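Bear in mind these aren't lab numbers, they're just calculated from the coordinates by the rules spelled out. Because the structure is a prediction, the values reported are computed rather than measured. All Cβ positions, glycine included, derive from the backbone under ideal geometry; neighbour counts span all protein chains shown.
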Amino acid sequence: MSINIFPILFCSIIALCCLIQMAESTDATKSSSAAAAAAGGTDAAVHIVYTERPQDEQPEAYHIRTLSNVLGSEEAAKEALIYSYKTAASGFSAKLTPQQVAEISKQPGVLQVVPSRTLQLHSGPGKLH
């Protein structure tokens, strides 16, 4: 019995792109000065922090705890947190300064930290829409 993994892989990629887009659109609506202060000022940018999937803790609580270790308090972490990924990926998006990115990258359970970016799907004449 053979299994075609292409549909599963394709759906996973689309879901991840949607999650990134959701994080950026949420960021556009969440522009409070408290979040900017918690994130360390004006040089902060949205980053996606991929983490191990927590075993004995709710994902959002784990994400806030991980952020708290870098930002100094649970309140600052809640202000900086933009979105918690719980289904297709394990991680969160938050506004972080370059120094905070370096620090959170060293936290236990953090797999990767990448800048958030918007991807555009392109189609031209004669291509599928």
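Using a Förster distance of 30 Å, how high is the FRET efficiency between Ala102 and Lys78, based on the Cβ-Cβ distance and rounded to 0.05?
Values: r = 22 Å, r/R0 = 0.73.
E(calc), rounded to 0.05, equals 0.85.
At 1.567 mPa s and 4 °C, plugging the Kirkwood radius over alpha-carbon pairs of the stretch 57-115 into Stokes-Einstein gives what diffusion coefficient in µm²/s?
Values: Rh = 11.4 Å.
Result for D is 114 µm²/s.
Need the full-extension length gain, Leu121 to Asp56, defined as separation in residues times 0.36 nm minus the C-alpha distance. One decimal, nm.
Numbers: separation 65, 0.36 × 65 = 23.40 nm, distance 3.79 nm.
Full extension from Leu121 to Asp56 adds 19.6 nm.
Choose one of Ser73, Ala94, Val114: the residue whose Cα lies farthest towards the positive end of the charge dipole of the stretch 57-115 (beta-carbon charges +1 Lys, Arg; -1 Asp, Glu; about the Cα centre).
Val114
Please compute the net charge surrounding Val110, taking Lys and Arg as +1 and Asp and Glu as -1 over other residues with Cβ under 14 Å from its Cβ.
Charge balance near Val110 sits at +1.
Within a Cβ distance under 14 Å of Ser73, other residues only, what is the Lys/Arg minus Asp/Glu net charge?
-1
Starting from the stretch 78-111, pick out the trypsin sites (Lys or Arg not before Pro) whose DSSP state is loop and whose Cβ has at most 13 other Cβ atoms within 10 Å. Don't jump to the answer; show the numbers that get you there.
Numbers: sites: Lys78, Lys86, Lys95, Lys106; in loops: Lys86, Lys106.
Loop-located and lightly packed - Lys106.
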